[in-house]
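Here's the structure, in structure tokens; my notes come after.
Each reported figure results from applying straightforward, stated rules to the coordinates on display, with no laboratory input. This is a predicted model, so every value here is computed, not measured. Glycine also receives a Cβ, built like all others from the backbone with ideal geometry; neighbour counts cover every protein chain displayed.
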Amino acid sequence: MYDRQGDAHYDTLSAFIKSVRGSDVDAALYWLARMVEGGEDPRLIMRRLLILASEDIGLADPQALVQAAAAAEALNWVGLPEAVYHLSQATIYLALAPKSNSTLAYFRAKAALEAQGATQVPTPLKDAHRDRKGLGHGEGYRYPHDFPGHWVEQDYLPEDVSGERFYEPGPEGREPELSARWRARREGGGKPEDSGSEEVGD
């Protein structure tokens, strides 16, 4: 039994999402087949796969989003019934992929914004092309490419939220490698030596 508007629709979709998130490939394929054979809109399934690729896998495997996006494009060109191959490939890949939900960092940043309200963009970060002479916009900005490692320590957050930490990298897949330099810099252990260059650029 499958209804496209009632409980079966929502419950089956929920089971599919949770199976992919839980890395159970067989269960994910079963629920996928149940939706497809029940007449579910394949674009809805594909939409959920695209969301899963960033919500539940993210930087643990950056290729997950690429795979899902490619499958979505294939679905547009091929359509059912042959597009079951692309839905299946994306489902298998996402279920097998290491998992990370570090993209939820967005909501921590959003909560800080809501708690503090919108604040002024710091002067060094303002657009210097229009108002540098009159208002000093961009003054104090340090151009990262002029420093070793193409990085220099400076504040990019408004003063009211300076020092806040929103992103916490997950321990799975590629995310530890991708975030290693950022983590070292945040913890003060990977700061490159200052070359003495001054700001030039915007």
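In table form, for the structure just shown:
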{"quantity": "Largest-first ellipsoid semi-axes for the stretch 7-96, taking √(5λ) over the Cα gyration tensor eigenvalues, angstrom", "calculated": "18, 16, 10"}
{"quantity": "Sum of side-chain charges, GLN63 neighbourhood, beta-carbon under 13 Å (Lys, Arg +1; Asp, Glu -1)", "calculated": "-1"}
{"quantity": "Charge tally in the Cβ shell below 14 Å around ILE17, where Lys, Arg are +1 and Asp, Glu are -1, ILE17 excluded", "calculated": "+1"}
{"quantity": "Helical contribution to [θ] at 222 nm, DSSP H n ≥ 4, -39,500 (n - 2.57), averaged over the chain, rounded to 500", "calculated": "-15500 deg cm²/dmol"}
{"quantity": "Choice from THR119, THR91, THR12 with maximal GNM fluctuation in the chain (Cα, 10 Å cutoff)", "calculated": "THR119"}
{"quantity": "For the stretch 123-129, Karplus couplings with θ = phi - 60° (6.51, -1.76, 1.60), whole Hz, Gly/Pro x", "calculated": "3, x, 8, 6, 5, 7, 5"}
{"quantity": "Amide H contacts under 5 Å for ASP61, placed H, 5+ residues apart", "calculated": "ARG174"}
{"quantity": "Amide hydrogen neighbours beyond the local backbone of LYS126, cut-off 5 Å, H modeled", "calculated": "GLY138"}
{"quantity": "Calculated SAXS-style log₁₀ I(q)/I(0) at q = 0.16, 0.17, 0.25 Å⁻¹ - the stretch 51-141, Debye, Cα scatterers", "calculated": "-0.75, -0.78, -1.09"}
{"quantity": "In Hz, Karplus ³J(HN,Hα) per residue of the stretch 147-161 (6.51, -1.76, 1.60; θ = phi - 60°; x = Gly, Pro)", "calculated": "10, x, x, 6, 8, 9, 6, 6, 8, 10, 9, x, 4, 5, 10"}
{"quantity": "At R0 = 25 Å, FRET efficiency that the Cβ-Cβ distance of ARG43 and GLN63 yields, to 0.05", "calculated": "0.70"}
{"quantity": "Residue of VAL84, VAL161, VAL25 that the Gaussian network model of the chain assigns the largest fluctuation, springs spanning Cα pairs under 10 Å", "calculated": "VAL161"}
{"quantity": "Over the chain, volume per residue of the alpha carbon convex hull, in Å³", "calculated": "170 Å³"}
{"quantity": "Angle in degrees between helix 7-21 and the longest Cα principal axis of the chain, rounded to the nearest 10", "calculated": "60 degrees"}
{"quantity": "Cα-based helix-to-principal-axis angle, 105-116 vs the chain, degrees rounded to 10", "calculated": "50 degrees"}
{"quantity": "Karplus-derived HN-Hα couplings along the stretch 67-75 (A = 6.51, B = -1.76, C = 1.60, θ = phi - 60°), whole Hz, x at Gly and Pro", "calculated": "4, 5, 5, 5, 5, 5, 5, 5, 4"}
